[in-house]
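Structure first, commentary second.
The values are calculated or read from the model by the stated rules, or taken from the named source; none is laboratory data. This is a predicted model, so every value here is computed, not measured. Here the Cβ is made from the backbone with ideal geometry for all residues, glycine too, and neighbour counts use every protein chain on show. These area figures cover heavy atoms from the full protein model, side chains too; ligands, DNA and RNA do not enter into them. Shrake-Rupley method; radii C 1.70, N 1.55, O 1.52, S 1.80 Å.
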Amino acid sequence: AISKKFNIPLSKKKILISGDMFYKNNEISFKVLERLIEINKDIVFIHIGGSKKDTSTFKKLKNNIIQLPFIERYELPNIYKIIDILLYPSIYEGFGLPVLEAMSCGKPVVCSNNSSIPEVAGDAALMSDCNDVEKFAKDILKILDDKELYLSMASRSLKRAEIFNLEQFHYNLIKIYQEELDKLNF
């Protein structure tokens, strides 16, 4: 139903990329896709929040990129349900929410190793320099070709995402405040 709604082929491996700001590094993502389809034609990129201008210099990839507009937050888990991998070669991030979103849905992540991304991804992702097309392509193929690795990364993703549980954060914050209030002996 999700694939049908967004016109996404069921039979192809699906890799998610997001955004159209320069620091999302979409040019590198598209170069990775070029490299991947040289090896496996059954791969598509789902590009959330991108625009047609992003792909203007990659015209031969048009059949392998599904452009989705910015979608409502409640729809995002549906997209994560149908993808196989998140590719996130960002040049820099303040946090890297798509990495956490993918991990929360048990999806393997291939991402850059800069700014806050390693802190968010921990050992749950395969990381490299944000411009290393060959390493990104190699890591994606390794995950797609090795079911055991895929399942291991999916499990690590879920476990890593637990660290960022909002309810646990709130509980810990309240506990700290309560401990400090108790020290004041009112």
Given the options Lys107, Lys12, Lys59, state which has the largest fluctuation in a GNM of the chain using a 10 Å cut-off (strictly under) for Cα springs. Lys59
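Summing -39500 (n - 2.57) over the DSSP H runs of n ≥ 4 in the chain and dividing by its residue number, what mean residue ellipticity at 222 nm do you reach, to the nearest 500 deg cm²/dmol? It would help to have the intermediate numbers written out before the result.
Working: 8 runs with 85 residues, N = 186.
Calculated mean residue ellipticity at 222 nm is -13500 deg cm²/dmol.
Express the relative contact order of region 1-154 as a whole percentage, based on alpha carbon pairs under 8 Å and six or more residues apart in sequence. Intermediate values should be presented prior to the final figure.
Details: 265 pairs, mean separation 35.2, N = 154.
Taking the mean separation of contacting Cα pairs over the length of region 1-154, I get 23 percent.
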Considering the chain as a Gaussian network with a 10 Å cut-off on Cα pairs, which listed residue, Glu167, Glu34, Glu134, attains the greatest mean-square fluctuation? Glu167
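In region 114-178, what trypsin sites (Lys or Arg not before Pro) fall in a loop by DSSP, with at most 11 other Cβ atoms inside 10 Å? Walk me through the numbers on the way to the answer.
On the way: sites: Lys135, Lys138, Lys142, Lys147, Arg156, Lys159, Arg160, Lys175; in loops: none.
Here no trypsin sites (Lys or Arg not before Pro) fit, given the DSSP loop and packing criteria.
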Would you tally the net charge around Ser104, using a Cβ to Cβ cut-off of less than 10 Å, leaving Ser104 out, and scoring K and R as +1, D and E as -1? 0
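When the convex hull of the C-alpha atoms of region 85-161 is computed, what volume per residue in Å³ does it have? Mind dumping the intermediate values first?
Details: hull volume 4.8 nm³, N = 77.
Spread over its residues, the Cα hull of region 85-161 gives 62 Å³ apiece.
Per residue, how much accessible surface does region 81-182 expose to a 1.4 Å probe? Answer in Å², no decimals.
On the way: 5510 Å² over 102 residues.
Roughly 54 Å² per residue, with all protein chains present.
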Computed over region 31-131, Kirkwood Rh from alpha-carbon pairs, angstrom: 14.5 Å
Measuring from the longest principal axis of the C-alpha atoms of the chain, the long axis of helix 26-39 (C-alpha) lies at a number of degrees, nearest 10, equal to 50 degrees
Scattering from the C-alpha atoms of region 1-75 alone, worked out with Debye: what is log10 I(q)/I(0) at q = 0.12, 0.15, 0.23 1/Å? -0.31, -0.48, -1.11
On a 0 to 90° scale, report how tilted helix 147-162 is relative to the longest principal axis of the chain, with both axes built from alpha carbons and the result rounded to the nearest 10. 30 degrees
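Greater than 31 Å separation of Cα atoms is the criterion. Which listed pairs, Lys24/Lys62; Lys147/Lys175; Lys60/Lys159; Lys59/Lys159, meet it? Show your work: numbers first, answer last.
Working: Lys24/Lys62 19 Å; Lys147/Lys175 41 Å; Lys60/Lys159 38 Å; Lys59/Lys159 39 Å.
Over 31 Å apart, Cα to Cα: Lys147/Lys175; Lys60/Lys159; Lys59/Lys159.
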With springs connecting C-alpha atoms under 10 Å apart, model the chain as a Gaussian network and identify which of Leu158, Leu76, Leu100 has the largest mean-square fluctuation. Leu76
Cα pair distances of the chain binned at 5 Å [whole percent]: 1, 8, 16, 20, 20, 14, 7, 4, 3, 2, 2, 1, 1, 0, 0
Taking protein heavy atoms only, a 1.4 Å probe, and rounding to whole percent, the accessible area of region 73-186 owed to carbon and sulfur comes out at 57 percent
